[in-house]
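Inspection log for the structure reproduced underneath, given as structure tokens.
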């Protein structure tokens, strides 16, 4: 199992991306959290409110997920991070059952 960490400009965009990935059966679950971000952009320090998605899926879906996110994301350079995760057995079974 992997987690995919995705930052979005707002909750509306995060929900749109999450639902899109769920409908395509590329992820089994998405959690969304509002965050404060500070980052470098074009040589300047920027601050903004964002919404992050933490999506749960199988390793084999990562490349398809990246392509789908890039098609609909509003950012020129979206943050799409893959994080390996070791779930408990029952949760892992649920992920595998949902994403056959």
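Here residue 30 qualifies as at pLDDT 95 or above, surrounded by 18 or more Cβ atoms within 10 Å (Cβ to Cβ) and outside any helix (DSSP H, G or I). When segment 57-96 is filtered for residues that are surrounded by 15 or more Cβ atoms within 10 Å (Cβ to Cβ), more than 12 Å from residue 6 (Cβ to Cβ) and without any contact (Cβ under 8 Å) to a residue 60 or more places away in the chain, the ones remaining, listed by number, are 58, 61. Taken over segment 55-100, the criterion of being farther than 16 Å from residue 19 by Cβ, assigned to a helix (DSSP H, G or I) and under 11 Å from the mean Cα position of the chain (by Cα) is satisfied by 62, 66.
Being within 11 Å of the chain's Cα centre (by Cα), buried (at least 19 other Cβ atoms within 10 Å of the Cβ), touching a residue at least 24 places away in the same chain (Cβ under 8 Å) and not in a helix (DSSP H, G or I), is that true of even one residue in segment 9-25? There is no residue in segment 9-25 that is within 11 Å of the chain's Cα centre (by Cα), buried (at least 19 other Cβ atoms within 10 Å of the Cβ), touching a residue at least 24 places away in the same chain (Cβ under 8 Å) and not in a helix (DSSP H, G or I).
The values are calculated or read from the model by the stated rules, or taken from the named source; none is laboratory data. In this text, all values refer to a predicted model and were calculated from it rather than measured experimentally. All Cβ positions, glycine included, derive from the backbone under ideal geometry; neighbour counts span all protein chains shown.
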